[in-house]
1. With (1) of a type in the set (D, E, K, R); (2) modelled with pLDDT of 85 or more; (3) farther than 29 Å from residue 129 by Cβ as the list, and residue 197 as the residue in question, which single condition is left unmet?
2. If a residue must be touching a helix residue (DSSP H, G or I) at 6+ places or on another chain (Cβ under 6 Å) and polar (S, T, N, Q), how many such residues does region 202-228 contain?
3. Which number in (1) within 15 Å of residue 156 (Cβ to Cβ); (2) out of contact with any Asp or Glu (no Cβ under 8 Å at 6 or more places or on another chain); (3) open to solvent by less than 50 Å² (accessible area, probe 1.4 Å) marks the one condition that residue 245 misses?
4. Could you check how many residues of region 213-242 are open to solvent by 20 Å² or more (accessible area, probe 1.4 Å) and out of contact with any Pro (no Cβ under 7 Å at 6 or more places or on another chain)?
Amino acid sequence: MSEFENRIYIDADRLAILENRAAELERLLLLVARPEGDAHPNVAVPYGAPEGERHAGAFRGGGGGAPAADGRTEALINRGRPGSRRPRRRRLLAHWRLIAAGMVALFTGVAVALVATRGSGAAWPASVATVQAEIEQACANPDVVAEPSGLNFACAKDTNQVLWVFALLTSGDNPNFVDQSTGREGLEPVQPAQGGDIAWSLNLHHPYDPANPIDSLAVAARAINNIVSGAALTSSTGSALIEPGLESKAANCQRYTGSAKLATRPGYPAACASPVTSASGQAALVSDVFQQWMDGTPSPIASEAGVLFTNADNPGNPQARAILASLPASGG
């Protein structure tokens with residue numbers, strides 16, 4: 001019997017310790033939640049009754065100056081005090097609001113950037129993608145470079161859009177295009193006779209076919225490069241015949257590079273001493289090539305080639321959109 005009573009007292013003492021710790025924890029939580037003070041009438045506080053009274057009180061369910069906090073202490077241990085969780089909810093809600101605001105700002109910025117770059121949904125005709133793939137094949141021909149300078153403006157990575165721009169302006173990117181007034185055929189502005197003359201130097205595996213887009217683009221690339229840098233040919237008498245290009249004139253170099261200085265060497269046409277790298281200089285060069293190739297083209301129309309060339313990555317440009325809207329569906 002005495003052993004049973006001692007065990008009950010030990011258990012009661014443990015419960016009293018838990019009650020004290022729970023009450024102290026509740027008080028500390030309220031101090032964090034309400035730093036203005038800890039005088040709260042509904043807060044359980046540890047009591048300091050004598051050891052024997054604590055044991056007896058715990059066994060009897062009360063007594064000795066200890067508040068009757070058994071039920072509330074049990075709820076605190078099992079579920080926690082509701083008021084202690086509210087500030088955390090508020091902080092989490094504030095963080096989620098900041099995250100949501102950041103996401104809205106990010107999506108807004110992306111949308112603005114897309115609108116700015118695409119320009120009201122403007123896009124190149126679907127045929128441009130087809131011609132771009134054909135340009136890769138045509139430019140794989142190593143003989144499209146100008147001779148003897150080796151210039152390859154038409155197929156260089158940063159300037160090869162000149163090929164599809166010319167094709168778009170003159171044929172609507174249609175390899176079966178035929179200009180009834182001149183007899184010109186194919187994707188690019190190359191006369192059949194001119195294409196045949198150029199084709200032999202490209203090592204084509206079959207006679208030049210203006211309706212074959214690869215042939216047409218390869219011939220066009222070689223012609224553009226020769227127009228820009230000039231060419232060194234052999235005359236019928238066997239002597240060297242040097243034909244100047246657009247870069248062989250000091251005035252042109254001034255427009256393209258900002259410097260009229262020319263570089264010369266025996267057996268080569270003169271060329272601009274500085275490379276043509278600026279957007280305005282390249283646009284002027286492309287316009288001049290187009291006008292020389294399409295003999296008799298008015299300067300305002302030739303300048304459209306330069307505008308499209310410069311805005312190859314920005315079909316939403318107002319000038320580019322206006323040019324696209326004015327192109328005839330047939331490209332003729």
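1. Every listed condition holds for residue 197 apart from (2).
2. Selection size over region 202-228: 1.
3. It is condition (1) that residue 245 fails.
4. Summing the residues that are open to solvent by 20 Å² or more (accessible area, probe 1.4 Å) and out of contact with any Pro (no Cβ under 7 Å at 6 or more places or on another chain) in region 213-242 gives 13.
Matching residues to (1) touching a helix residue (DSSP H, G or I) at 6+ places or on another chain (Cβ under 9 Å); (2) closer than 30 Å to residue 316 by Cβ; (3) not in a loop (DSSP other than H, G, I, E, B):
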| position | (1), (2), (3) |
| --- | --- |
| 135 | yes, yes, yes |
| 143 | yes, no, yes |
| 147 | yes, no, no |
| 152 | yes, yes, no |
| 175 | yes, yes, no |
| 180 | no, no, no |
| 183 | yes, no, no |
| 188 | yes, yes, no |
| 194 | yes, no, yes |
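Okay, residues lined up against (1) free of Cβ contacts under 8 Å to residues at least 24 places away in the same chain; (2) over 23 Å from residue 258 (Cβ atoms):
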{"position": "278", "(1), (2)": "yes, no"}
{"position": "281", "(1), (2)": "no, no"}
{"position": "287", "(1), (2)": "yes, no"}
{"position": "301", "(1), (2)": "yes, yes"}
{"position": "311", "(1), (2)": "yes, no"}
{"position": "315", "(1), (2)": "no, yes"}
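The values are calculated or read from the model by the stated rules, or taken from the named source; none is laboratory data. Treat the numbers as computed from the prediction; the structure is a model and nothing was measured. Virtual Cβ from ideal backbone geometry, glycine too; neighbours counted across all protein chains shown. Side chains are part of the model used for accessible areas, which takes the heavy atoms of the whole protein and leaves out ligands, DNA and RNA. Shrake-Rupley method; radii C 1.70, N 1.55, O 1.52, S 1.80 Å.
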